[in-house]
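One structure is given below, encoded as structure tokens.
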Amino acid sequence: MKKWLRAQPHQPATLTQLQALLEVFTDEYNHRRPHRSLPHRATPATAYQARPKATPGTDRSTDTHDRVRHDTISKAGTITLHVHSQLHHIGIGKTYAGTYVLPLIHDPDVRVIDAATGEILRELTIDPRRDYQPTGRPPGPAPTKQKARTYET
């Protein structure tokens, strides 16, 4: 921000002029300038808008347990969390190993969101009978398409 302010051709002489320049910088930085640290060089405003927003609940009569965690997907492609005092391993996929995520927990319902992009990586309802919550995909690597074979006669 300081470099940007120094590079402006007309330097502010009053606090009002400085505030106006800071507002231009903030708008440019958040809404127009692509960021290398965000996927697809998105802007901070785009990343923010992509994330689900918390809203007030309408029915507080039920005893629910809502929380947000900050976690990183393990090398095995899972995250671990407690639901109703029971430890559960949630499969996300090895593709996402090392990804920083925000698990949103509403009792047995869980959403795992990529912290950088806001993309929902997994939505599920915890099966209390299972410690490991599988991804639903068959085990092993993703199937690959085989090339069509041509035979010469």
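The values are calculated or read from the model by the stated rules, or taken from the named source; none is laboratory data. What you see is a predicted model; the values in this text were computed from it and never measured. Neighbour counts are summed over all protein chains in view; Cβ atoms, including those assigned to glycine, are modelled from backbone coordinates with ideal geometry.
Key figures for this structure:
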| quantity | calculated |
| --- | --- |
| Candidates Gln8, Gln17, filtered to the one that is assigned to a loop (DSSP other than H, G, I, E, B) and at pLDDT 80 or above | Gln8 |
| Selection from the stretch 79-101 of residues that are without any contact (Cβ under 8 Å) to a residue 40 or more places away in the chain and either in a loop (DSSP other than H, G, I, E, B) or buried (at least 17 other Cβ atoms within 10 Å of the Cβ) (or both) | Ile79, Leu81, Ser85, Tyr96, Ala97, Gly98, Thr99, Val101 |
| Subset of the stretch 75-98 (residues that are of a type in the set (Val, Ile, Thr) and over 14 Å from Arg130 (Cα atoms)) | Thr78, Ile79, Ile92, Thr95 |
| Residue match in the stretch 51-73 (condition: free of Cβ contacts under 8 Å to residues at least 60 places away in the same chain and within 18 Å of Gly136 (Cα to Cα)) | yes |
| Leu38 in contact with a helix residue (DSSP H, G or I) (Cβ under 8 Å, 6 or more places away or on another chain) and at pLDDT below 80 | yes |
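Residues checked against (1) over 30 Å from Gly118 (Cα atoms); (2) over 30 Å from the mean Cα position of the chain (by Cα); (3) surrounded by 13 or more Cβ atoms within 10 Å (Cβ to Cβ):
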site: Ala7; (1), (2), (3): yes, yes, no
site: Pro12; (1), (2), (3): yes, yes, yes
site: Ala20; (1), (2), (3): yes, yes, no
site: Thr26; (1), (2), (3): no, no, no
site: Tyr29; (1), (2), (3): no, no, yes
site: Pro34; (1), (2), (3): no, no, no
site: Ser37; (1), (2), (3): no, no, no
site: His40; (1), (2), (3): no, no, no
site: Thr46; (1), (2), (3): no, no, yes
